[in-house]
1. Return the residues of the range 1-55 that are modelled with pLDDT under 95 and not in a helix (DSSP H, G or I); say none if nothing qualifies.
2. Of all residues being in contact with a helix residue (DSSP H, G or I) (Cβ under 8 Å, 6 or more places away or on another chain) and without any contact (Cβ under 8 Å) to a residue 60 or more places away in the chain in the range 128-157, which is nearest to residue 48 (Cα to Cα)? Just the residue, please.
3. Of the conditions (1) in contact with a helix residue (DSSP H, G or I) (Cβ under 9 Å, 6 or more places away or on another chain); (2) surrounded by fewer than 21 Cβ atoms within 10 Å (Cβ to Cβ); (3) farther than 19 Å from residue 65 by Cα; (4) without any contact (Cβ under 8 Å) to a residue 40 or more places away in the chain, residue 109 fails just one. Which one is it?
4. Does any residue of the range 61-75 turn out to be in a helix (DSSP H, G or I) and out of contact with any helix residue (DSSP H, G or I) (no Cβ under 6 Å at 6 or more places or on another chain)?
5. Pick from the range 85-100 the residues that are touching a residue at least 24 places away in the same chain (Cβ under 8 Å) and part of a helix (DSSP H, G or I): which of them is farthest from residue 133 (Cα to Cα)?
6. Name, by its number, the condition in (1) surrounded by fewer than 17 Cβ atoms within 10 Å (Cβ to Cβ); (2) in a loop (DSSP other than H, G, I, E, B); (3) in contact with a helix residue (DSSP H, G or I) (Cβ under 8 Å, 6 or more places away or on another chain) that does not hold for residue 182.
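The values are calculated or read from the model by the stated rules, or taken from the named source; none is laboratory data. Computed from a predicted model, the values in this text were never measured in an experiment. In this analysis, Cβ positions are derived from the backbone assuming ideal geometry, glycine residues included, and neighbour counts consider all displayed protein chains.
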């Protein structure tokens, strides 16, 4: 918890307790269901929770914002974001039911009332969202056609236009080339000093 509190000292006592619940439950679940790579579960705080919270450094969601987490797996980045933003609604979608069960249980035990889950394909999602978030799910070129109709282009209420926010790593030059006039890339190493973040980026595409 040291890193989370270091970078987000503004967290309330309740939020700190909720992050403690995440730190406890994910390793317990991971022993039964491989939600996070077994060799990586020891890095839960930095590589998964703090990584998810990187989006907070890029944009501050206003109360009432709606966010779709595409391919959420066990709940990243949405569950940590839901702790940070209790007045923002997160809808988590994944095709793997057992991973979603983990996300649902963690959200429930952490007392998160702003999280809903949906088992299935993104094509089955109904409604509109201010933002779609994802963490290393698929290349941008494949994702944009899937989520474009789900982004509410008319109802703007945040500091940046509604769109797609992805957490990605490595060399993205080829992947981003078709979107180079619209896409914005932010280096997570400008916010976090840990080695893990040296190659990690936020990719933002207004839609």
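1. 1, 31, 32, 33, 34, 35, 36, 37, 38, 39, 40
2. To start, the set of residues in the range 128-157 that are in contact with a helix residue (DSSP H, G or I) (Cβ under 8 Å, 6 or more places away or on another chain) comprises 128-129, 132-135, 137, 139-141, 144, 146-147, 150.
Applying the additional criterion that residues be without any contact (Cβ under 8 Å) to a residue 60 or more places away in the chain yields 139, 141.
Numbers: 139: 20, 141: 24 Å.
Selected residue: 139.
3. (4)
4. Of all residues in the range 61-75, those in a helix (DSSP H, G or I) come to none.
No, that holds for no residue.
5. So in the range 85-100, the residues touching a residue at least 24 places away in the same chain (Cβ under 8 Å) come out as 85-95, 98-100.
Cutting the leftovers down to part of a helix (DSSP H, G or I) gives us 98-100.
Details: 98: 21, 99: 17, 100: 16 Å.
Applying the filter and picking the extreme gives 98.
6. If we test residue 182 against (1) surrounded by fewer than 17 Cβ atoms within 10 Å (Cβ to Cβ); (2) in a loop (DSSP other than H, G, I, E, B); (3) in contact with a helix residue (DSSP H, G or I) (Cβ under 8 Å, 6 or more places away or on another chain), just (3) comes out false.
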